[in-house]
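The values are calculated or read from the model by the stated rules, or taken from the named source; none is laboratory data. Please read these numbers as outputs of a predicted model, since none were measured by experiment. Cβ coordinates were reconstructed from backbone atoms using ideal geometry, including for glycine residues, and neighbour counts include every protein chain displayed.
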Amino acid sequence: MLIFLAMEIRETIDGVEVLTSAEKRAEKDAAFAQMSSFSMEAAAVAEVAAEGAAVAQVPGAADGPGARPPPPTAPPPPPPWPNPEAASDVLLKTVHLILPLSGRSATFFRFIRTLENSCLRNGDRVALVVVLFPSESEDTADACEEVVRDLQRRYPDHRLSLVRLEERFARARALQLGAAQVPDSDDDLLMFIDVDMMFTAESINRARLNTIRGKQTYFPIVYSEFDPATLRSVLPAPEQSNLSEAFETGQWRLTSAPDRIVEDAGYWRLYGFGIASMYKSDLKKAGGFDTSIRGWGREDVDLFERILGSSGLRIFRAVDPDLVHVFHVVECSPDLERSQLDMCKGTRADMLGSVRTLAAMVLRKGPRLLDVARKERIKPDAVR
């Protein structure tokens, strides 16, 4: 009779066995599974502990050979984040989009298509308040109002409204009035947005997750497109045909650089605070918008600074690649206050193009541009 003894050779280091790759993977999978079922195990342990306590109260139950062992010690509580149950509750919050509007009807129709395709058709919990001002450049207020009415008919379960004002445009006034249309409740999450923005359901979810009532407001850093004409002017003729302007999808890029976010296509608006989300109660805590600020700009910076300074609220900022500001020519009215006018001109300059693109323009048209700059530099102050 032959007897074979099976033996396994294991590697050791300093007398300690070394796990194989398969065993390491199995150990990681087991730890991961344990984390995912952590709350279930904690509940089971609590149930066993309660049952054990009840048994211990019965006379003689804890004595003798058939006595139950003492209940196991409950594990420490799980970390506060991620909390799947809390996250799922937050994702059910309704986000109220507050949109100021004056003219820009074609851009508004694109915004509505984005809202419908990204959110409404999927049953996402969003609401919309449009605050409409008259426009000197186009008479399209009735058409914009009809678009909102049509949206209301097709999506009756969503709060979709439009408020018309017969006064000069003021973004601060529009945002404050739009916020006032949202009922005070546990579901009064506001997101201030502009008509030039493209967004997705993911960017709406980030507003939900990054805004905490009574504790934190969210000012995302959006991606802003440069002027496509600037980049086109420095490209060789063969590459110009590869430059696709896709305003309908909020992105344009060189086909040789397939990523949507590319250096020469746009920039991150680190100092832009116009897109923000917060609960209505926290907007009140911060004092709301300063409605004495008229026209374009400065109302967002004012609110940001007051939240930062004395509201007791945190500000959370992060880049959001799904929030894209589509390029448009910025008109800076000479009637703006000096600080607003300077801010407007600065934004217009930022949107012209990347440093690399502008440098390429100087190199290509260098002699003529440098000659103009030289003449401007030596011009007497009285003539400038």
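Which one of Arg110, Arg104 is closer than 23 Å to Val330 by Cβ, charged (D, E, K, R), within 20 Å of the chain's Cα centre (by Cα) and modelled with pLDDT of 90 or more? Working first, answer last.
On the way: Arg104 fails: within 20 Å of the chain's Cα centre (by Cα).
After applying the criteria, what remains is Arg110.
With the requirement that a residue be in a loop (DSSP other than H, G, I, E, B), touching a strand residue (DSSP E or B) at 6+ places or on another chain (Cβ under 8 Å) and buried (at least 17 other Cβ atoms within 10 Å of the Cβ), what does segment 287-301 give you?
Ile293, Arg294
Pairs under 9 Å by beta carbon, first residue in a loop (DSSP other than H, G, I, E, B) and among the basic types (Lys, Arg) in segment 172-199, partner at pLDDT 95 or above and buried (at least 23 other Cβ atoms within 10 Å of the Cβ), six or more apart or different chains?
Here the result reads none, with nothing in segment 172-199 linked to a residue that is at pLDDT 95 or above and buried (at least 23 other Cβ atoms within 10 Å of the Cβ).
From the set of residues in segment 150-170 that are charged (D, E, K, R), closer than 18 Å to Ser105 by Cβ and in contact (Cβ under 8 Å) with a residue 12 or more places away in the chain, which is surrounded by the most Cβ atoms within 10 Å (Cβ to Cβ)?
Step one: of segment 150-170, the residues charged (D, E, K, R) are 150, 153-154, 157, 159, 164, 166-168.
With the extra rule that they be closer than 18 Å to Ser105 by Cβ, the set shrinks to 150, 164, 166.
Now restrict to residues that are in contact (Cβ under 8 Å) with a residue 12 or more places away in the chain: 164, 166.
Working: Arg164: 14, Glu166: 8.
Residue satisfying both the conditions and the ranking: Arg164.
Give the residue, chosen from Gly309, Gly266, that is small (Gly, Ala, Ser), exposed (fewer than 13 other Cβ atoms within 10 Å of the Cβ) and either without any contact (Cβ under 8 Å) to a residue 24 or more places away in the chain or in contact with a strand residue (DSSP E or B) (Cβ under 6 Å, 6 or more places away or on another chain) (or both).
On the way: Gly266 fails: exposed (fewer than 13 other Cβ atoms within 10 Å of the Cβ).
Result: Gly309 is the single residue among Gly309, Gly266 that is small (Gly, Ala, Ser), exposed (fewer than 13 other Cβ atoms within 10 Å of the Cβ) and either without any contact (Cβ under 8 Å) to a residue 24 or more places away in the chain or in contact with a strand residue (DSSP E or B) (Cβ under 6 Å, 6 or more places away or on another chain) (or both).
Looking at (1) touching an Asp or Glu at 6+ places or on another chain (Cβ under 6 Å); (2) within 23 Å of Leu91 (Cα to Cα), which is the one condition that is false for Arg171?
(2)
Can you tell me which residues in segment 128-145 are closer than 15 Å to Phe111 by Cβ and not in a strand (DSSP E or B)? Walk me through how you get there before you give the answer.
To start, the set of residues in segment 128-145 that are closer than 15 Å to Phe111 by Cβ comprises 128-132, 140, 143-145.
Result: Thr140, Ala143, Cys144, Glu145.
Restricting segment 321-337 to residues that are assigned to a loop (DSSP other than H, G, I, E, B) and in contact with a strand residue (DSSP E or B) (Cβ under 8 Å, 6 or more places away or on another chain), which is surrounded by the most Cβ atoms within 10 Å (Cβ to Cβ)? Don't jump to the end; show me each part of the working.
As a first pass, look at segment 321-337 and keep what is assigned to a loop (DSSP other than H, G, I, E, B): 326-337.
So of that shortlist, the ones also in contact with a strand residue (DSSP E or B) (Cβ under 8 Å, 6 or more places away or on another chain) come out as 326-327, 333, 335-337.
On the way: Val326: 23, Phe327: 21, Ser333: 11, Asp335: 10, Leu336: 18, Glu337: 13.
Ranking the candidates gives Val326 first.
Is segment 302-312 home to any residue that is under 25 Å from Leu189 (Cβ atoms) and assigned to a loop (DSSP other than H, G, I, E, B)?
Filtering segment 302-312 for residues under 25 Å from Leu189 (Cβ atoms) gives 302-312.
From what's left, assigned to a loop (DSSP other than H, G, I, E, B): 311-312.
Checked against the condition, which is being under 25 Å from Leu189 (Cβ atoms) and assigned to a loop (DSSP other than H, G, I, E, B), segment 302-312 yields at least one hit.
Based on what the data block shows, is Ala174 more than 21 Å from Arg125 (Cβ to Cβ) and over 23 Å from the mean Cα position of the chain (by Cα)? Talk me through it step by step, then tell me what you get.
Details: more than 21 Å from Arg125 (Cβ to Cβ): yes; over 23 Å from the mean Cα position of the chain (by Cα): no.
Considered against the rule, which asks whether it is more than 21 Å from Arg125 (Cβ to Cβ) and over 23 Å from the mean Cα position of the chain (by Cα), Ala174 comes out as no.
Say we look at segment 289-301 and pick out the residues that are under 21 Å from the mean Cα position of the chain (by Cα) and under 21 Å from Val182 (Cβ atoms); which of these is modelled with the highest pLDDT?
Phe289
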